Each structure stands twice: as structure tokens, then as C-alpha cells.
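Notes for the one structure printed next.
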Amino acid sequence: MTRFASLRTSILAAAALALSACGINSVPAAEENAKAKWADVEAAFQERANLIPNLEQIVVSSAEQERATLNAVVQARASATRPEIKVSGDDLNDPAKMQAYQQAQNELGGALSRLLVSVEQYPELQSQENFGRFMTQIEGQENRIRVAIRDYNEAVRQYNTTIRTFPDTIGANIIHGAEPMVPYEAVSEGAEVAPELNMRSEAPAAN
């Protein structure tokens, strides 16, 4: 009886080891890591969006062209932060949702870039302390976005490799029903370039 019990224990241990080697633990671990990294991406983009209202505090008046560009930034921010554009951790294998989110973020980044690209034409604005603080914040935030995207894409690469590699693919397909996750890719060239501000700081003309 003792010998039988010992044999059964050995079989159970071997079975447990085999299951652990078939993606029972590695697949969900890789999945949760990717979801956590995606949360960092969303947080970084949200923090960038939170900086946009500061533009209205910095800019007192502007030429009509810059004012129109500022309006484009405000509209792009509204689009990039609307609830239906959000991508949850459970949506990371949906290319359509990911593309829509990426497009909205890239449109906001592009609008910011156009707004900030000719800031050197306004030395009076560059001399303002609050403008310098804003530029430091927005440039730092763009760097955080790039790092968050890089880390997310690496986590997705690890997850996708895990669910496709033997023996983890056994548990991934039979037990977890795992599907590949979508990496974050820039929809437009230069979408991740840190923007610069192009606004005029002048008092409004008296009526």
C-alpha cells in the first residue's frame, strides 16, 4: 500500500510538472504582465491629455492660424479621451479597437506637433516661465509614452511567443483559449515625436 501510495504521489507530481510546463501558469502570467504594461500606456497618454488645458492658461491671444490649430488640439484631445475609444486589457487581441485607439492618440500628437513646431518665431513666449514649464512637462510626457509603448510591445512579444511555443502552446490553446495580442504601432510616421508649441503671448486688443 505504501509502495502504491508512493507511486501515485510520483505520478501526480509528474503530472503537475507536465501541466506547469504546458502553459498552465506561464500563459496567464505573460497575459497579466502585458495587461499591466498596457495600463501604463493608457496612463501615459492620459497624463499627456491632462496637460492640454494648460495651453489655454499660457496663451492669451494668437494669430488666427494658431488659434485654429489650438482648436484642433482641443478637439483631438476630446476624441482621444472619449470612453468608447478606451482599450481594456481584455481588448488587447482586437486589432480594430487597437487601431482606433492608436489613430486617436496619433491625431492628438500630430495636432500638438503642428501647434508647437514654430515656437521659435515667438521669443516673447519662450521667455515665459510657465511656457518653459509646460514644454518640459510635455516633452517629458512624450518620453514616458515612448517608454511605456516599448515595454508594452516587449510584453506582447513575450506573450505571443509563449502561446505559440511548445509546450506552452498546449495549455494556451486547450485550456486558456489564448489569442495573440496586438502590439502598439504608430499609424502615422513621426507620431511619437515630442511636440513643440507655436503660440503668441500677447494681451487681447482693447475694443
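The values are calculated or read from the model by the stated rules, or taken from the named source; none is laboratory data. Model, not experiment: these values are computed from the prediction. Note that we place each Cβ from the backbone using ideal geometry, even for glycine, and neighbour counts take in every protein chain shown.
Couple of notes before you dig in:
- Only listed residue being at pLDDT below 75, of a type in the set (V, I, T) and either crowded, with 16+ Cβ neighbours inside 10 Å or under 15 Å from Y184 (Cα atoms) (or both), chosen from V119, V87, V73: V119
Residues checked against (1) at pLDDT below 70; (2) under 17 Å from R48 (Cβ atoms); (3) of a type in the set (D, E, K, R):
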site	(1), (2), (3)
R150	no, yes, yes
G177	yes, no, no
V182	no, no, no
N198	yes, no, no
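- Once the range 1-58 is narrowed to residues that are of a type in the set (D, E, K, R) and at pLDDT below 85, the residue that is surrounded by the fewest Cβ atoms within 10 Å (Cβ to Cβ) is R3.
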